[in-house]
1. Between a first residue in the range 96-119 that is free of Cβ contacts under 8 Å to residues at least 24 places away in the same chain and a second residue that is in a helix (DSSP H, G or I), which pairs have beta carbons less than 7 Å apart while being 6 or more apart in sequence or on different chains?
2. Yes or no: the range 262-270 includes at least one residue that is at pLDDT below 90, among the small types (Gly, Ala, Ser), open to solvent by 30 Å² or more (accessible area, probe 1.4 Å) and touching a strand residue (DSSP E or B) at 6+ places or on another chain (Cβ under 7 Å).
3. I'm trying to understand the selection: among the residues of the range 236-272, which are free of Cβ contacts under 8 Å to residues at least 24 places away in the same chain and under 26 Å from ASP399 (Cβ atoms)?
4. Restricting the range 165-179 to residues that are over 24 Å from LYS36 (Cα atoms) and of a type in the set (D, E, K, R), which is least open to solvent (accessible area, probe 1.4 Å)?
5. Quick one: in the range 38-83, of everything that is among the hydrophobic types (A, V, I, L, M, F, W, C) and in a loop (DSSP other than H, G, I, E, B), which residue is nearest to the chain's Cα centre (by Cα)?
6. Show me the helices (runs of 4 or more DSSP H) found entirely inside the range 448-545 where at least 3 residues are modelled with pLDDT of 55 or more and more than 30 Å from GLN99 (Cα to Cα).
7. Considering each of ARG15, ARG63, ARG30, ARG76 in turn, give the residue that is at pLDDT 90 or above, farther than 29 Å from VAL163 by Cβ and charged (D, E, K, R).
8. What pairs come out if I take residues in the range 155-181 that are among the aromatic types (Phe, Trp, Tyr) and pair them with residues that are at pLDDT below 95 and in a loop (DSSP other than H, G, I, E, B) whose C-beta lies under 8 Å away, six or more apart or interchain?
Amino acid sequence: MKISNEADILKPELRKLIIEEIKGDENQRRKEEAYKRYRVLKDQTKDYVIEQLSKQFDESTLREMAYSISNISLCRKVIDKLARVYNHGCTRSIEGDEQATQNIQELSKVLDVNTELKKANKFLKLQKNLAFYIKPCPISNYDGQEKYSIKLEPMNPYLYDVVEHEYDRTKPMVYILSDFDYSPLQYTTQDAATVNRTVGSMQNPQQGDGKDQIIADTPSDQKSKVFIWWSDNFHFTTNESGEIISGEPFENPIKRMPFVNFAIEQDGSFWAQGGDDLIDGSILINSVMTHNQHIAITQGYGQFYMKGKNLPRNIKIGPTKSILMEYDEGEPVPEIGYATASPQIDALRGLVESYIALLLTTNNLSTSSVAANLGQSNLAPSGIAMLIDKAESMEDVQDQRQIFVDKEPDVWDIINRWLNLYGDMLIDDLKGLQLPEEFELNLKFNEIPVVMSESEKLQNLKLRKELGLDSMLDLIMKDNPSLTKQEAEEKLKSLMEDKMVSMMKQPDSAQQNSDNMMNHEQEMSKEDDMEDMSENGSQEDNSQS
């Protein structure tokens, strides 16, 4: 069954079918994959490493390896390098409206717009699909009066489902929000007898127990079996059976879905494909490093052995222990020692380095110093972490910027609709900051600054002033990019006042300078008179001759 009109979601039987599909195995696998990406980004790779190792080792071996499970945050470091659209801030203005420009700049600060869009940038690079949710947030103050703020929330794909347009499957017609029931992976490194009493390492450490209902709870335990429906014209909440429990009216008060759909590489379908290389690579690299660490430890210890006849069975070894071995003439001489192995640690380390190099290359990142050996003098001391820190991908950042240039006007349109709807019910920080109904947003991203020392920076500013390229106000804004024009003007005024006060506090010095100038002029005048007299005397002598 297809939905050709958003009004179809008002049919109870259709809502029930949609909820059944949301809870179906196919959709749950999609959400589990999205949640897996989120967990790897949040440094929770360990569970998936154990799952990977379980395909090769039995449970007893996994328990032995528990101490050496690697959890290096490769995914997070790469995503931080790729998602840098808002890292250096941006400037927003409304074409031809100075007051609206001031309002949008103030809203950016109050709502932490740059912070939330920066987070959205990271989630988009990770998931390739993102719903940017702009919603009103009721706030009750001490006297019981309810006010409203606005919350911006980048949502990962495991938190929502979409009914796409029939003729354009890349665009959403209806959003359905619901909590994701995460099922812990069925692997453990603990004894099977204790699994029911304690939490194994493969079980999600963030998994809730359903007890914290008043105090702040873990994300996985904040579950409610409700489904929140949004379309351009309708909004309501249902239970698992599709029955509306939010009451009437069903209309969307702002006449637009409060979501901005960010997506890359959709290829004709709503849910984008791809991006598995970074997740699979993060898990594989940690798996190989786990192998490496386990091998280094287990084969690094020498294995004690004894050879001979009638050897003692119960012995203790150590620097303060001795072993008594007896043998008769003609019997083999007993022998003790340690057997040592020669594990190929360097080869395994090289395998990790090669894989990281390929992973960075395919993600447009630098591989100029791929190595994990801290002992090499030509490398930075932080090894793998530093090589990722040095990676740059300006072309990729430029491509991403266009996505946000296209989508950010929609974010501000939804914010403005909520501001107009709640009006006097808004918190004080948001009152009077409404934007025009029709406006053109100018968005300019700040360029990545050139790395230079403080002395080089000051010399550059001084040279620009001497050449007349910048005024004092321009120089202050270049030195402090975070300041608005008004703040920069206030700082310039303060600097000029301080300079005047400083000059007023030094009258003696000023007078001394004036006296020195006068004395200098008088001495110069005397020298000129002496020269004139000398010239006149020479002329008289010549005339007498």
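1. Within 7 Å, the pairs are SER108/ASN114.
2. No, there is no match, as no residue in the range 262-270 is at pLDDT below 90, among the small types (Gly, Ala, Ser), open to solvent by 30 Å² or more (accessible area, probe 1.4 Å) and touching a strand residue (DSSP E or B) at 6+ places or on another chain (Cβ under 7 Å).
3. Matches in the range 236-272: ASP267 only.
4. ASP168
5. Within the range 38-83, the subset among the hydrophobic types (A, V, I, L, M, F, W, C) is 40-41, 49-50, 53, 57, 62, 65-66, 69, 72, 74-75, 78-79, 82-83.
In the following step, the residues that additionally are in a loop (DSSP other than H, G, I, E, B) were identified as 57, 69, 72, 83.
On the way: PHE57: 35, ILE69: 25, ILE72: 16, ALA83: 7 Å.
It comes out as ALA83.
6. On the way: elements: 454-466, 472-479, 485-504, 507-544.
Of the helices (runs of 4 or more DSSP H) lying wholly inside the range 448-545, those with at least 3 residues that are modelled with pLDDT of 55 or more and more than 30 Å from GLN99 (Cα to Cα) span 454-466, 485-504, 507-544.
7. On the way: ARG15 fails: farther than 29 Å from VAL163 by Cβ; ARG63 fails: at pLDDT 90 or above; ARG30 fails: farther than 29 Å from VAL163 by Cβ.
Unique residue meeting the criteria: ARG76.
8. TYR158/PHE180; TYR160/SER178
The values are calculated or read from the model by the stated rules, or taken from the named source; none is laboratory data. Just so we're clear, the structure is a prediction, and the values are computed from it rather than from any experiment. No Cβ is skipped: glycine too gets one built from the backbone with ideal geometry, and neighbour counts run over all protein chains shown. The protein model used for the area step is the full one, side chains on, heavy atoms only, and it has no ligands, DNA or RNA in it. Shrake-Rupley method; radii C 1.70, N 1.55, O 1.52, S 1.80 Å.
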